[in-house]
Each structure stands twice: as C-alpha cells, then as structure tokens.
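Data first, discussion second: the structure below is written as structure tokens.
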C-alpha cells in the first residue's frame, strides 16, 4: 500500500485515536495536532506500549489553546455548533500541514476512527485535482451549495496547504476580514451556482455572507487552488446555474461513502453532547450519510436538511432585523423540530411582523404556539416540546430583546 501519505488527526486527544492508530500506520505516517490542555504525556506513554511499522512515523504537535473565539468570527456563523469547530480546526490543521512533506494528506477528527482506507485512498490518488471527502453530513445542493463533509477529507498535500494557508489568514489572522478578490470570487461563485427555492427565495447575500464550516473549506479550496480557472473558464459560467454547480462539484470534489470504510465510529453534536455512530446503526447512517456520489448532491432534498436551512436562513434574516421574512422561514420548521432559541426568535418575529403595541406581554406572544398542543401527542414529541418551552423561558433572560 502507498506510504507517501500522512494522516492528520486533529483535535483534543481521544482514546479512539489510539484504538485505530495501528491501522493508520499501515497506510502511512501520522501527525497528531492537539492542544496544550490535553494530557500529552499519558497519551505518549500509551503509544509506546504498542509496536508500529518502522517505515512510518508518529508525531504529536501541541498547539496553544485559543483563549476566545473572535467576535467577528462568531457573528459570521449563525449556527452555534459551527463557531468553535471551524476556528479551532483551522489552527490545528494549518499547523500540522506545515510539518508534512509527504505527497498526500488525509485529515481526520481525533474522536473518530475508520479502519478500511482502500477505496478512499484509491479515489484520492486517481483524482489528484480533487478534494476527496466522505458523505457524513454532506448536504444537498438545494439546501447548502458546496456543503461537503469535513469529518474526513484528503488530497495532494500542496493543495491542502494552500487551502489552509488561505483559511488561516481569513479565519484566524484577519478574523474573516477578507480581501476584495476573495469576496469577488465568492460572490461570482454563488451567483453562478445558486438556484431559487421552490417555496421561497433565499437572499443571495445569505450564501455570500454566512457559510458553514464545510462550505468555508470547499470555498477556500476552490479559491486557493482554482480561482483563475473558475473565473476565466466559460465552462463554469454558463447561463444554467445547475449545470455550473454540477461541473464544479464533478471537477474539484470526490466522495467516498463512509459505508465503504467500516468498521468506523463517527460523531455528531446534539445540544451540548456529542453522540457517536457506528456502522451497526444503519438507520442513522442512512439519515446523515445519504449522499453516495457527487451526483447525489443534486437529487431531491432530504427532510432534516431542508429544516436546517430554514433555521439558518431565519436566524440570518432575524439578525438583520428582517423580522417578517424571518418569521416565514422559522415558521416552516415543524413544532417538534424547533429548538428553544428558535421558539424565542419566532415570538420576537411575530411581534415585529404583526406590529403589536409595545405594551404587549411578549412572553405570552412568544409561547402562543403552545396554546393548542394536544396532550395526547406522541409522548416523545410532547416531552421534547415541553422541554423546549421551559428552555425558551430560561433563554429569554440570555437573548437580548430588540427594541422596535
């Protein structure tokens, strides 16, 4: 098997990394990029207990843990789950890439593992121009254009070094105060690939102003390595936006379904906790890993992805005081799927959208949705809705109310 590969295992040191370290070293070298808050000494001692192939090396890079995430970055990401992850990931991956000399590199989360890399590496090596990813939370094009998976991805080291050099400059050094050429590229890119929604139009500024961590990676990958090709090649600037999007995805990205990398253990965040999914949990893997090929990015949207988009667009419009439009998006989300903060935003949006007087009992209006809830609703759903209501009451003290 090819040895000219380095695996970057980034994030807080985790036992899952040790469990699968031997597998990684059978394919290539390994670099851990962690924080000074981790117990590095104990981790090193654990590594020394095992024997690994002599042809590969294992390094540990210790980074200074950031004291805080800059406000400029926080304001640019509407979804709290993406704030820390992208900022911290950029630092650990960027610093690890500076130490790598192999031709190929693969990035993995430290709390996850994947044992079979044959298909992933074959796709990566046979498509040297592309960023190869998996299908974990790969969102459909109609929901979030260029939303690849950021759990695992790999490509030529030179391509990723350029990508994260650019990301580090924009995310960490300049706090996303990007240069004009980058803004121009992003506006051109989304203007050429975004389509109108079936139910309501999403402002084009939403796509250019606010991006998830996955979108930031894909945009910077394209900007750092292929901006001139995309801007100047007419193949990527036809009048047909869907055609442009398909060509960009097929030209610069590849996907290896995680189902071919089992046994595995990947994770996702639910509320304040992180949950783990193994290959045995078929239903969860079908729900969250429903894209299998690049072509699948352009098939019909899935249920949860659509409502994730409505949440983020609603928050985006609310933060810009476009309350009536925000209400339309947020109100599309089924009651059982609304989080506590969304309930509060809905209440505020209704207040502004219907021009209530300032003397109105806002708390009552925030929870007008709850008035007709049937207690005979499915117990799990009813329990979750009640929890959301109580959480919203608590959060009302945390979220500032915007005066009219």
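The values are calculated or read from the model by the stated rules, or taken from the named source; none is laboratory data. In this text the structure is predicted, and so the values were computed from the model without any measurement. All Cβ positions, even for glycine, are placed from backbone atoms using ideal geometry, and neighbour counts span all protein chains on display.
Condition check ((1) at pLDDT 95 or above; (2) under 22 Å from residue 164 (Cα atoms); (3) in contact with a strand residue (DSSP E or B) (Cβ under 8 Å, 6 or more places away or on another chain); (4) not in a strand (DSSP E or B)) across all residues:
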position: 208; (1), (2), (3), (4): no, yes, no, yes
position: 214; (1), (2), (3), (4): no, yes, no, yes
position: 218; (1), (2), (3), (4): yes, yes, yes, yes
position: 221; (1), (2), (3), (4): yes, yes, yes, yes
position: 239; (1), (2), (3), (4): no, no, no, yes
position: 254; (1), (2), (3), (4): yes, yes, yes, no
position: 275; (1), (2), (3), (4): no, no, yes, no
position: 287; (1), (2), (3), (4): no, no, no, yes
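Against the condition buried (at least 18 other Cβ atoms within 10 Å of the Cβ), free of Cβ contacts under 8 Å to residues at least 40 places away in the same chain and farther than 23 Å from residue 265 by Cα, how does residue 95 come out, does it pass? Break it down into steps so the answer makes sense when it comes.
Numbers: buried (at least 18 other Cβ atoms within 10 Å of the Cβ): yes; free of Cβ contacts under 8 Å to residues at least 40 places away in the same chain: no; farther than 23 Å from residue 265 by Cα: yes.
No, not satisfied.
Can you list residue pairs whose Cβ atoms sit under 7 Å apart, with the first residue in region 331-348 being in contact (Cβ under 8 Å) with a residue 60 or more places away in the chain and the second being surrounded by 19 or more Cβ atoms within 10 Å (Cβ to Cβ)? Count only pairs 6 or more apart in sequence or on different chains.
Qualifying pairs under 7 Å: 332/310.
Among the residues of region 290-306, what is the count of those that are more than 17 Å from the chain's Cα centre (by Cα) and part of a helix (DSSP H, G or I)?
Residues that pass the stated criteria total 5.
Does residue 297 satisfy the condition of being modelled with pLDDT of 85 or more and touching a strand residue (DSSP E or B) at 6+ places or on another chain (Cβ under 9 Å)?
On the way: modelled with pLDDT of 85 or more: yes; touching a strand residue (DSSP E or B) at 6+ places or on another chain (Cβ under 9 Å): yes.
Yes, satisfied.
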